[in-house]
Amino acid sequence: MRAFWLACGLISLGLGGLGAVLPLLPTTPFVLLAVFCFGKSSPALHGWIMAHPTFGAAVRDWNERGAISRRGKIAAAGAVTLALAVSLAVGVSTTILLIQLAVMAGVLGFVLTRPTA
């Protein structure tokens, strides 16, 4: 079972790394999933990611208080705004726009109501 969790953690971390450079792939959920998987499979990798200079503070804030940094909240709001603007610019149908708006409003509402780290 440890090998399964380790594989899931490595895949999640890889997807999180891709999300750091690809515009529509999220980073944070995959990094959080990797932390969870490493916690079940590899104390060394779990410790490494918790102490990581880029991801460590955000993961610790989320684990300890469910908090998201102000910068993260601003980035989320910017990404939602940009995605909706692109959808409008390319002429996505009204039905799709309404679905996007509903989903993104829910996501943004969740992010903005978390404590600020």
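The values are calculated or read from the model by the stated rules, or taken from the named source; none is laboratory data. What you see is a predicted model; the values in this text were computed from it and never measured. Note that each Cβ is placed from the backbone with ideal geometry, even for glycine, and that neighbours are counted across all protein chains shown. In case anyone asks, the SASA skips ligands and DNA or RNA and just uses the protein heavy atoms, side chains included. Shrake-Rupley method; radii C 1.70, N 1.55, O 1.52, S 1.80 Å.
General remarks:
- In terms of packing, defined here as the mean over residues of other Cβ atoms within 10 angstrom, the peptides 49-59, 97-107 line up highest first as 49-59, 97-107.
- Packing around the peptides 4-12, 17-25, taken as the average count of other Cβ atoms within 10 Å per residue, puts them in this order, highest first: 4-12, 17-25.
- Fraction of accessible area attributable to carbon and sulfur, the chain (%, probe 1.4 Å): 73 percent
- Extending 7 Å from the Cα toward the beta-carbon at both Leu25 and Thr81 defines two label points whose distance is 2.6 nm.
- Per residue value of the accessible surface for the range 4-59 (all protein chains in place, 1.4 Å probe), Å²: 55 Å²
- Size of electric dipole in the chain: Cβ of Lys, Arg +1 and of Asp, Glu -1, about Cα centre, debye, nearest 20: 200 debye
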